[in-house]
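Notes to accompany the following structure.
The values are calculated or read from the model by the stated rules, or taken from the named source; none is laboratory data. Because the structure is a prediction, the values reported are computed rather than measured. Cβ atoms come from the backbone with ideal geometry, glycine included; neighbour counts cover every protein chain shown.
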Amino acid sequence: MHYRSRRLEALFGAPLDTVTYADISALVNNPEAAEAEDLDYKRELLAADTKGKEELAKDVAAFANHIGGVLVVGLADTQGIPSKVTDSDVTDAHQRHLQQVVASNTAPPVRFDLRAVHNPTNPGRGFLILAIPRSPQGPHAVTAPPTKPTQIALRYPRRGASKTEWLTETDVATAYYRRFNAFVDRSQRLAAVESELLQSLPESNVAHLLVSLSPEVPGDMQITQNSFSTYKTELLTTAWLLGKDSAPLTDVRIGSRRLITHGGRADGPWYCHSELHCDGSGTWAMRLGHHVSTVDMTEFAWAEPDTVIYGLLSALHLLGSHARDRSGATSTVLVKAALVEAPHAHPAGPLKPNLHPLLPFRIDGYNRLLGMRASLSTQFCEYSHSEGAALLDDLADSGPALVRAAAPLANELFQSFGIPEASPITRDGTIRSSAWSADLKTSILRWSQAHKVSVVGE
């Protein structure tokens, strides 16, 4: 299925394309499974008369015009909470009928996935799952004749909370504007959000890792009083750093069409700052914990390879999850990673602060048996960057595909320091345990085991 949702997959206990009859039946009387902006239930879905066709077209278009969602047919609900299994017609003929109704009564036609989940004891009956991704062709109108008197001339539905609302003329105009601008060069958007992040960082003269993401098919996160409360709780309680139990973010606030978060003290060694935009774009900056050494009268700062890789993996997962699960973005994303000896060293960075000392930066290892630095870099680098494309699901799902997406980005970053490749991870999606320090090895191995990421010792 094209539509993916971490929240719904956790609720159902499985991805939508593998969820079972027992999984869906288990939602009955579960208050966590209440109808929401991404979830709806129907006792049955005949769509046989004019009213039924209008209702189906409205429900499907409402999800497509918002962040996407799932319609489960075969469950009755009481005040939005599933209350009874009712089983629906799941025959091929009925599925073809529903697909034809949607195609004929929405404009442009909404694309969606339809899956039958059969009752093992009653062939031909069971649940239907309609998975509707956010559509880049939106807004979608309902073209079925209205069955109730209405003052609404433009009949464009959108999911709002657990109900359907109708777009105003201004909403429709805005949606068309976004559609026609959705295919503007995403690299320009990437550069813009990265530049905005840099200007928001506290003054600093130490190294930072910057990660930025921009989706090919933008989303549209809605910020309201209720949704902000949900987003804030989620961001402050989720352990975004891979394999950690504690949540790194300590503050979430609202900016212009974005959520702004940070964690740690602004003058501390592990300060992080992220900006999560409504269209699914996002940026993450992390101050790198580092060491200071002196060689041949030159004092310099250096970070270990696993410190950089750990921050990169965690940032990609955070940004990918936001783009897919919070904004409803889909398809591929353009990603950029950058290592800077200080924020002002970035071409789009702020002015150089009046802070001392400002040390050149490099990547080196650390031999803990000997208690000394192990040279890796052959040169200093003020600004190293890499760009690439990735599947959004690969970043949001947090598994071997996340490692595969991160590896080429990391290799290019390291090559600017004269290092051939980033040894802690491989391009085939594995973790090299021997390249991780004791400080981070426990966390990355715990995460690897939980997400079925292969670990090699070399």
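Some points to look at:
- Within region 115-148, restricting attention to residues that are closer than 15 Å to residue 47 by Cα and assigned to a strand (DSSP E or B), the residue that is farthest from the chain's Cα centre (by Cα) is 142.
- Qualifying strands (runs of 3 or more DSSP E) (wholly inside region 174-272; at least 2 residues being at pLDDT 95 or above and of a type in the set (Asp, Glu)): none
- Residues satisfying the stated conditions in region 341-370, i.e. closer than 22 Å to residue 196 by Cβ and either crowded, with 19+ Cβ neighbours inside 10 Å or among the polar types (S, T, N, Q) (or both): 341, 342, 343, 344, 345, 346, 349
- Condition check for residue 398: at pLDDT below 95, of a type in the set (Ser, Thr, Tyr), assigned by TED's automatic domain parsing to the domain that holds residue 448 and under 30 Å from residue 216 (Cα atoms): yes
- The lone exception for residue 293 - which of (1) part of a strand (DSSP E or B); (2) among the small types (Gly, Ala, Ser); (3) closer than 17 Å to residue 218 by Cβ; (4) out of contact with any helix residue (DSSP H, G or I) (no Cβ under 8 Å at 6 or more places or on another chain) it fails: (3)
- Some residue of region 301-313 being in contact (Cβ under 8 Å) with a residue 12 or more places away in the chain, more than 26 Å from residue 453 (Cα to Cα), outside the structural domain of residue 68 (by TED's automatic domain parsing) and outside any loop (DSSP other than H, G, I, E, B): yes
Conditions (1) without any contact (Cβ under 8 Å) to a residue 24 or more places away in the chain; (2) at positive phi; (3) small (Gly, Ala, Ser); (4) touching a Leu at 6+ places or on another chain (Cβ under 9 Å), marked per residue:
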site	(1), (2), (3), (4)
359	no, no, no, no
372	yes, no, no, no
385	no, no, no, yes
396	no, no, yes, yes
399	no, no, yes, no
409	no, no, no, yes
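- Flag if residue 282 is over 22 Å from residue 431 (Cβ atoms) and either at pLDDT below 95 or surrounded by fewer than 23 Cβ atoms within 10 Å (Cβ to Cβ) (or both): no
- Qualifying helices (runs of 4 or more DSSP H) (wholly inside region 345-458; at least 2 residues being of a type in the set (Lys, Arg)): 438-450
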